[in-house]
Each structure stands twice: as C-alpha cells, then as structure tokens.
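Peer 1: Handing you this structure, nothing more for now.
The values are calculated or read from the model by the stated rules, or taken from the named source; none is laboratory data. Predicted model, so just to flag it, every value in this text is computed and none were measured. Heads up, the Cβs are rebuilt from the backbone with ideal geometry, glycines too, and the neighbour counts pull from every protein chain shown.
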Amino acid sequence: MQPNHGGNLRWAADRAGISEDDILDFSASINPLGTPPSAIAAIQSHLVNLKHYPDPEYVALRQALAKFHQISMDWILPGNGVSELLTWAGRDLAEFAVTVLFTPAFSDYYRALHTFGAVITDYSLVLADQGKLYFSLPDLVPTLKGSQTGILINNPHNPTGYLYTRNEILAYLDEFALVVVDEAFMDFLPPDQHQSVIDLVPNYPHLVILRSLTKFYGLPGLRLGYAIAHPERLKQWQQWRDPWSVNSLAVAAGIAIVEDHQFQQQTWDWLSSARPQLWLGLDRIEGITPIMGAANYLLVRSEYSGSWLQQQLLQSDRILIRDCLSFHELGDNYFRVAVRLESENERLIKGLSKIIKTN
C-alpha cells in the first residue's frame, strides 16, 4: 500500500528488494546535515536518567523554549512530535461548525480533524495558468468567517513551499474564531526572512502555533514538537493526553539544540545554496517543472507519472522521492523532493535525467 507520508524506508526497501541503508531518501524533508552533535552529547549524558520518569511539567524544556522565543513558558506545551499536538488542535477545531483547510493539505490534518468529527471545507491554494503554476490565497466565502469557524494553516505550506506573510495571517486572526498555524518548517528560514506569528499569541487567545524540532534538527526518530497557545488551552490539552508524552532523551536534546546557534547558521548557509542548485538542475530536465518555495523541499510538476518516476529511481539509483498521490488535488503528475547536500542533489538530477532520456 502506497504510504501517506515520506520517509517510509521499510516500504521502499521491500518494494525495490534492497536494504533500507542503501536508500538515499529525498521523500522526507529532514535536514541532511544530520543530528547536531549537541543533541547526541545531551542524549548520551542523560542515558543514566532513563531509570526515572520525565518531569511531567517539562519545566526545563519549556524554559529553554521560552528563552528562545522570548515568551513565557506558561504558553508552551511540548509534545510527542507535531502529530500529537495536531490531534488536540483537531479536537478544538471540531467544536466549530466548519474548519477551513487550504489544499493540497498534509494528510495528517485530515486524520486529526476526522478523529473528532470536524466538518472540513477545502479551498484550493494552487492554481494553474497557461501551463505554469502560481500561488493565490483563496477568497473565502464571507459566511464561512466568524464565530463558528476555525482555520488550519501550514506556513511554509506543505507541499508547495508557499510562504504566507504575517499580514496574511493577521487577516485571518480577525476573521476566524480559532486559527491554528503549523510552522513545522519555519526554522529553515533565517530570522530576517521568517514570517512566524509566535509573538502575536499573547494578544490573540484564539491563535495556536505548532512547531517541530525534528525536521530542522534531524531528530524524526525521537519525536519532539511543541505548541504555543493560551495557557488555559494548553492545560486542557494536558488533561486530554497520556502522561509523559515526551521522553527524557527528547527533553535533553531539545534543551541543547535550541541553543545550538552554530548548527542553525550552518543549516541556513547550506540551504541558501543547495535549494537553488537543486531547482536549477531539475528545471533543465525536459518535462518537469520545479516550483521554488521557501522551505527545504521542492514541489515538482511532471509530464510523467510521479509514482512511476519514484519506482524507476528506486530500482535504478536507490533514490526515494515523495509521490503526491496522498495530495489528492495534485495527483500523479507531481512529486516532491527534499533539498539535500549538493552532491546528493546532483545524484538525483542525474538519475532523473537518465530515466527520462531513456524512456
């Protein structure tokens, strides 16, 4: 069965008859610089604490995140990845008559919303114009705005890479009763470019921000994210969920990485050159059109089947790309690729070029 998420190496290895270790993964948008040494050192130094339960209040981690964002720790709730926190955001959104989603949308949004019976209204974000793509914010129907409506926004948007401006988010704050902004990829933008609205949360009790620490810091196997929202909302979420959702090693790593300014700068430096390099290489291949976005991945429109290209790359080059079948509005003529190290990007470009030229 085709997976709904990237990074499913076991599925890809089984399908291609190869080892997971042999796969170069472009399907999951994870920092290719790897896990920071600061996180590894923190994990190793806290192995002795595995005999104890984690602090159920996660005070040390919340203090570190509060310092990082210059906000009170009372407004922060760590979670077992953004996926867990999406579940509780979905429960809150289900209280409203309608939740607005801009499509194509991350499949886990539907999982979280459907779990609690939320009514979803989709609005298309990607529009076609004479064979090219451009991005346009939907003109929402006025009757959908107001006291009975919520909205879930992904910024930068996945899979398009579209970056909403702060002013665009501000407009929705005045129109919707609950605004949830998933900023899982915002860390990949340097501070002078990001459009985060975290600083607005104290002034808007109906604003919720979700943040991931796994993508930027190469920790998807550890599972760590956090929500920033009004303390009363976070207290309710804490009551709904299982105790000790975040393990001690994730806490230790989280405290270390938010203070790792060297790794942060290295990541911004890498992406500033690797992303245009990958875009340019893909743009030179006949029949595919990469879309430049603000995050660490590129959405690509293709004259060829995305799932076919995925299978061909696995078999010929042991490269895994992300098909877009789970993004129903896009379908099989799109695929998504993470930006990786420049030598790895070249391997993908050469592999795609070879497949397309010989077929």
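Peer 1: Is there any pair with a first residue in the stretch 337-348 that is within 21 Å of Thr289 (Cβ to Cβ) and a second that is among the hydroxyl-bearing types (Ser, Thr, Tyr) and part of a loop (DSSP other than H, G, I, E, B) whose Cβ atoms are under 6 Å apart and which are 6 or more apart or on different chains, and what are they?
Peer 2: Pairs that qualify, where the first residue is within 21 Å of Thr289 (Cβ to Cβ) and the partner is among the hydroxyl-bearing types (Ser, Thr, Tyr) and part of a loop (DSSP other than H, G, I, E, B), are Ala338/Ser29.
Peer 1: Can you tell me which residue within the stretch 124-134, out of those that are closer than 15 Å to Pro159 by Cα and either of a type in the set (A, V, I, L, M, F, W, C) or surrounded by 14 or more Cβ atoms within 10 Å (Cβ to Cβ) (or both), is modelled with the highest pLDDT?
Peer 2: Filtering the stretch 124-134 for residues that are closer than 15 Å to Pro159 by Cα and either of a type in the set (A, V, I, L, M, F, W, C) or surrounded by 14 or more Cβ atoms within 10 Å (Cβ to Cβ) (or both), the one modelled with the highest pLDDT comes out as Leu125.
Peer 1: Conditions: (1) out of contact with any Asp or Glu (no Cβ under 7 Å at 6 or more places or on another chain); (2) touching a residue at least 40 places away in the same chain (Cβ under 8 Å); (3) part of a helix (DSSP H, G or I). Pro243 meets all but one. Number of the miss?
Peer 2: So Pro243 meets the others, but not (3).
Peer 1: Within the stretch 106-120, track down each residue that is in contact (Cβ under 8 Å) with a residue 24 or more places away in the chain and either at positive phi or in the same structural domain as Leu330 (by TED's automatic domain parsing) (or both).
Peer 2: The answer is none; no residue qualifies.
Peer 1: OK, next. Can you find a residue that is part of a strand (DSSP E or B), of a type outside the set (Ser, Thr, Tyr), crowded, with 19+ Cβ neighbours inside 10 Å and more than 17 Å from the chain's Cα centre (by Cα) anywhere in the stretch 201-221?
Peer 2: Yes - at least one qualifying residue is present in the stretch 201-221.
Peer 1: Could you say which residue among Ser83, Ser29, Ser107 is closer than 30 Å to Leu325 by Cα, among the hydroxyl-bearing types (Ser, Thr, Tyr) and touching a Lys or Arg at 6+ places or on another chain (Cβ under 7 Å)?
Peer 2: Of Ser83, Ser29, Ser107, the one residue that is closer than 30 Å to Leu325 by Cα, among the hydroxyl-bearing types (Ser, Thr, Tyr) and touching a Lys or Arg at 6+ places or on another chain (Cβ under 7 Å) is Ser29.
Peer 1: If you check Ile23 against the conditions, is it on the phi < 0 side of the Ramachandran plot, touching a strand residue (DSSP E or B) at 6+ places or on another chain (Cβ under 8 Å) and not assigned by TED's automatic domain parsing to the domain that holds Ile120?
Peer 2: So Ile23 fits the description; yes.
Peer 1: Continuing with this model, one more query. Report yes if some residue within the stretch 224-236 is in a loop (DSSP other than H, G, I, E, B), of a type in the set (A, V, I, L, M, F, W, C) and closer than 30 Å to Leu47 by Cα; otherwise report no.
Peer 2: Among the residues of the stretch 224-236, at least one is in a loop (DSSP other than H, G, I, E, B), of a type in the set (A, V, I, L, M, F, W, C) and closer than 30 Å to Leu47 by Cα, which makes the answer yes.
Peer 1: Residues in the stretch 22-37: is at least one under 21 Å from the mean Cα position of the chain (by Cα), of a type in the set (Phe, Trp, Tyr) and outside any loop (DSSP other than H, G, I, E, B)?
Peer 2: no
Peer 1: Could you tell me whether Gln265 is exposed (fewer than 15 other Cβ atoms within 10 Å of the Cβ) and either modelled with pLDDT of 95 or more or of a type in the set (Asp, Glu) (or both)?
Peer 2: Yes; evaluated as a whole, the condition is true for this residue.
Peer 1: When only residues in the stretch 54-96 that are closer than 18 Å to Asp199 by Cα and of a type in the set (Lys, Arg) count, which is nearest to the chain's Cα centre (by Cα)?
Peer 2: If we take residues in the stretch 54-96 being closer than 18 Å to Asp199 by Cα and of a type in the set (Lys, Arg), then Arg62 is nearest to the chain's Cα centre (by Cα).
Peer 1: For the stretch 83-100, name all the residues that are under 22 Å from Tyr123 (Cβ atoms), hydrophobic (A, V, I, L, M, F, W, C) and either surrounded by 24 or more Cβ atoms within 10 Å (Cβ to Cβ) or in contact with a Leu (Cβ under 7 Å, 6 or more places away or on another chain) (or both).
Peer 2: Within the stretch 83-100, Leu86, Ala89, Leu93, Ala94, Phe96, Val98, Val100 qualify.
Peer 1: Now for a separate question. Of Leu137, Leu170, which residue is part of a loop (DSSP other than H, G, I, E, B) and either surrounded by fewer than 18 Cβ atoms within 10 Å (Cβ to Cβ) or at pLDDT below 90 (or both)?
Peer 2: Leu137
Peer 1: While we're looking at this one, here's another question. Is the stretch 83-93 home to any residue that is at pLDDT below 95 and β-branched (Val, Ile, Thr)?
Peer 2: No, the conditions are met nowhere in the stretch 83-93.
Peer 1: Restricting attention to the stretch 93-105, does a residue exist that is assigned by TED's automatic domain parsing to the domain that holds Tyr172, assigned to a helix (DSSP H, G or I) and over 15 Å from Leu213 (Cβ atoms)?
Peer 2: Scanning the stretch 93-105 turns up at least one residue that is assigned by TED's automatic domain parsing to the domain that holds Tyr172, assigned to a helix (DSSP H, G or I) and over 15 Å from Leu213 (Cβ atoms).
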